Protein chains: 2
Amino acid sequence: MTSRPPRATISDVAKAAGTGKTSVSRYLNGEQQLLSPALKARIEQAISELNYRPSQMARSLKRGRTRLIGLIIADITNAYSVEVMCGIEAACRDYGFTLLMCNTNNEVALEQYYIQLLSSYQVEGLIINAVGMREEELNQLLQSRLPMTLIDRKIDNFECNVIGLKNHEAAQQLTRHLAGNGFKSLLFLSEPIASVNTRRERLEAFRQTVAEYPDICGENAEIRLNQPEKLGECLREFLRRHSPEHCAIIAANGSMTLEVVKALRAEGLECGKDIGLAGFDEMSWSALAGPGITTLKQPTHQIGYSALQSVISMIKQNDTAPADQFFSGELVVRGSSHPL
Amino acid sequence: MTSRPPRATISDVAKAAGTGKTSVSRYLNGEQQLLSPALKARIEQAISELNYRPSQMARSLKRGRTRLIGLIIADITNAYSVEVMCGIEAACRDYGFTLLMCNTNNEVALEQYYIQLLSSYQVEGLIINAVGMREEELNQLLQSRLPMTLIDRKIDNFECNVIGLKNHEAAQQLTRHLAGNGFKSLLFLSEPIASVNTRRERLEAFRQTVAEYPDICGENAEIRLNQPEKLGECLREFLRRHSPEHCAIIAANGSMTLEVVKALRAEGLECGKDIGLAGFDEMSWSALAGPGITTLKQPTHQIGYSALQSVISMIKQNDTAPADQFFSGELVVRGSSHPL
DNA sequence: CTGTTAGCGCATTCAA
DNA sequence: TTGAATGCGCTAACAG
């Protein structure tokens, strides 16, 4: 029955103010100096009476700029991603952009779907936390020449601006910290390295750092999340081969840390007491699992904010790509890595 | 230098296919039966050659439907919100909508800003996890008659469809569970009730349920997050006045649960051992803080999904508002509420 | 200082 | 079966 009243348009305002659309448009676009006070007042009133808001849709079509930024996140369940997103969102507000947020749920097909979708909404730039992306899709993206920034992960053979963590430095910090606390047998746990550069870089830095200590032995294992049995076995086996009182684990990201803590519980082990533990990514519960988990905290908000700035700089001058940016993490020491 | 190539338009395609825009438009809109196979093939080829994608902006302007849904979340850092968002996002995909996500960071000013923004992008519907919103803004919203659904919280004096939890039932489940496990002194902890209906309902149900047990004493306190000292004092005082071995706490949401766990640690108390604990909202770490936290798990995904469906049904028939929907939670029993 | 005009990319009459 | 013309709401020449 009482259907929605149609939004007022610029013509409605013009009519109500007894003027033309141009003047209203001028009023809206800050060219108010060009308007006589009288007219300005009439327009002002008409706008408020009609509760008029200009349509971004029409504006975008006309100007060819949508002020829309597309964000593709691999796993929004991940706290890291959420924090980065907050940074991006804050930057959007500061720079007058709006965020179209898409969650690919770690599915390549969705990633594909969303890239198409965002592109059809004419986003001016894209921020991507990459999951899969195969050749074909990458070429489409490259071809589109849409301003684009990757977060955290690179994509192989894909020339694109990246914002993320100083992985080498971070892994080194964690490793040295454990070494300094007397741990002699270190196990670096990550999801399958595959071609994920962050995993690879962290592992490499781990190995390299371990090599600085002649008396320390460093190993690594690749385990999928959601394979608790396998993880448990891996831990057991590791402890069997080394003196448990000198063992410590480095988890390559927050999700892995969570899995490790669960697995240790399942094995009846307590980190910080029976075995050392430190992990990438600070989480809400880091302080309260067992004796507190030592973490390497990433400047997530900063990363997100910078990613948007980077995209914007590409939007402004579409010839030059801004430099990659990598930020330092902060070691947060807690009980899990205290000497046993 | 090598500036971005402009997107191909429908005219480009028409030209390339040697036809008019109308036919291309028909091709795009599933009226392919009306096209001769030959023409259809030419269009097909032109589209793929030019890598053409219709502009949603132009389409929206023309059709008066943007297929955009606005989502306003009070605190995206909150795991509950994120999960609900996942549900909404999944539903959007299923129903062919796109999500414009905004995080108000619990600031009323931002809420206001974003509602304007979303409205200017002509979203067809709004899903809101309310924070503040004052009279004035509410009236604007009501006046806009935009299809709208609230999540979790209601807004006072604001007639709007709500999707959320069966708060009464849920609080009852938690309370009865603790009572059944022999706890005699129950403390219900929430952020300031103010006019937040979920807090009020949970508290009321708690009181009502406690009243069913003659030998059980139920109290409550309202404490802001980020006031750990105050919370600590509150806990100490509660334990002083009751036999600690019969004490248990109910935290009114996930954030509060986190605070309580932290506070207990600070007091040197362990939940499940020195004091009972159960809380609303399941979180990633619920299983691994201390002996595991007993929680009332909300069907978050479901809530989000239903919220979108609800909005869509309003979009379709803008006269009738769909009914509110409240879902049951699931009690997840863990060590924190075992008999001491 | 102000109004008229012409599109932005598309879907939709209407006519052929 | 097809295409030309119109207009969605707005901005930006271009006149006055």
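The values are calculated or read from the model by the stated rules, or taken from the named source; none is laboratory data. As the structure is a prediction and not an experimental result, all values here were calculated from the model. Using ideal geometry, Cβ is built from the backbone for each residue, glycine included, and neighbour counts are taken over all protein chains shown. Just the protein is used for accessible areas: all its heavy atoms, side chains included, with ligands, DNA and RNA removed. Shrake-Rupley method; radii C 1.70, N 1.55, O 1.52, S 1.80 Å.
General remarks:
- When residues in the range A:302-313 are screened for being hydrophobic (A, V, I, L, M, F, W, C) and either outside any helix (DSSP H, G or I) or surrounded by fewer than 22 Cβ atoms within 10 Å (Cβ to Cβ) (or both), 1 of them pass.
- The range B:76-87, residues that are facing chain A (nearest Cβ under 10 Å) and touching a helix residue (DSSP H, G or I) at 6+ places or on another chain (Cβ under 7 Å): B:Ile76, B:Thr77, B:Asn78, B:Ala79, B:Val82, B:Glu83, B:Met85, B:Cys86
- Hits in the range A:98-112 (condition: open to solvent by 10 Å² or more (accessible area, probe 1.4 Å) and either touching a helix residue (DSSP H, G or I) at 6+ places or on another chain (Cβ under 7 Å) or not in a loop (DSSP other than H, G, I, E, B) (or both)): A:Val108, A:Ala109, A:Leu110, A:Gln112
- Subset of the range B:1-31 [open to solvent by 60 Å² or more (accessible area, probe 1.4 Å), within 10 Å of DNA strand D (Cβ to nearest atom) and in a helix (DSSP H, G or I)]: B:Lys21, B:Thr22, B:Arg26
- Residues that are within 16 Å of DNA strand C (Cβ to nearest atom), of a type in the set (D, E, K, R) and not in a loop (DSSP other than H, G, I, E, B) are absent from the range A:65-86.
- Residues that are within 14 Å of chain A (Cβ to nearest Cβ) and part of a helix (DSSP H, G or I) are absent from the range B:172-179 altogether.
Yes/no per residue for (1) within 30 Å of A:Thr66 (Cα to Cα); (2) polar (S, T, N, Q); (3) more than 14 Å from chain A (Cβ to nearest Cβ):
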{"residue": "B:Pro6", "(1), (2), (3)": "yes, no, no"}
{"residue": "B:Ile10", "(1), (2), (3)": "yes, no, no"}
{"residue": "B:Lys15", "(1), (2), (3)": "yes, no, yes"}
{"residue": "B:Gly18", "(1), (2), (3)": "no, no, yes"}
{"residue": "B:Thr22", "(1), (2), (3)": "yes, yes, yes"}
{"residue": "B:Gln32", "(1), (2), (3)": "no, yes, yes"}
{"residue": "B:Leu39", "(1), (2), (3)": "no, no, yes"}
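- Meets criteria (part of a loop (DSSP other than H, G, I, E, B), open to solvent by 10 Å² or more (accessible area, probe 1.4 Å) and within 16 Å of DNA strand D (Cβ to nearest atom)) for B:Pro54: yes
- Flag if B:Cys92 is assigned to a helix (DSSP H, G or I), surrounded by fewer than 21 Cβ atoms within 10 Å (Cβ to Cβ) and facing another protein chain (nearest Cβ under 10 Å): no
- On inspection, A:Thr209 fails the criterion of being at pLDDT 95 or above, within 24 Å of A:Tyr80 (Cα to Cα) and among the hydroxyl-bearing types (Ser, Thr, Tyr).
- Being open to solvent by less than 40 Å² (accessible area, probe 1.4 Å), out of contact with any Cys (no Cβ under 9 Å at 6 or more places or on another chain) and assigned to a loop (DSSP other than H, G, I, E, B) is a description that applies to B:Gly182.
- From the options A:Arg59, A:Arg145, A:Arg93, A:Arg63, residue that is basic (Lys, Arg) and touching a residue at least 12 places away in the same chain (Cβ under 8 Å): A:Arg145
- Test for A:Ile115: is it among the hydrophobic types (A, V, I, L, M, F, W, C), part of a helix (DSSP H, G or I) and farther than 28 Å from B:Leu141 by Cα: yes
- Restricting the range A:242-294 to residues that are acidic (Asp, Glu) and touching a residue at least 40 places away in the same chain (Cβ under 8 Å), the residue that is most open to solvent (accessible area, probe 1.4 Å): A:Glu245
- Residue satisfying condition, being closer than 29 Å to B:Pro5 by Cα, open to solvent by 10 Å² or more (accessible area, probe 1.4 Å) and out of contact with any Leu (no Cβ under 7 Å at 6 or more places or on another chain), within set B:Ile43, B:Ile47: B:Ile47
- Figure legend. Inter-residue proximity from the range A:2-16: first residues modelled with pLDDT of 90 or more, second residues more than 11 Å from DNA strand D (Cβ to nearest atom) and of a type outside the set (D, E, K, R), beta-carbon distance below 6 Å, spacing 6+ or different chains. Indicated pairs: A:Val13/A:Ala46; A:Ala16/A:Ala46.
- You will find that of A:Phe183, A:Phe188, the residue that is away from chain B (no Cβ under 14 Å), in contact with a Pro (Cβ under 9 Å, 6 or more places away or on another chain) and more than 23 Å from A:Ile88 (Cα to Cα) is A:Phe183 and no other.
- Counting only residues that are among the polar types (S, T, N, Q) and in a strand (DSSP E or B), the range B:243-301 holds 2 of them.
- Qualifying position, being in contact (Cβ under 8 Å) with a residue 12 or more places away in the chain, farther than 24 Å from B:Ala8 by Cα and aliphatic (A, V, I, L, M), among A:Ile115, A:Ile127, A:Ile88: A:Ile88
- Against the numbered list (1) within 8 Å of chain A (Cβ to nearest Cβ); (2) buried (at least 22 other Cβ atoms within 10 Å of the Cβ); (3) hydroxyl-bearing (Ser, Thr, Tyr), B:Ser120 comes up short only at (2).
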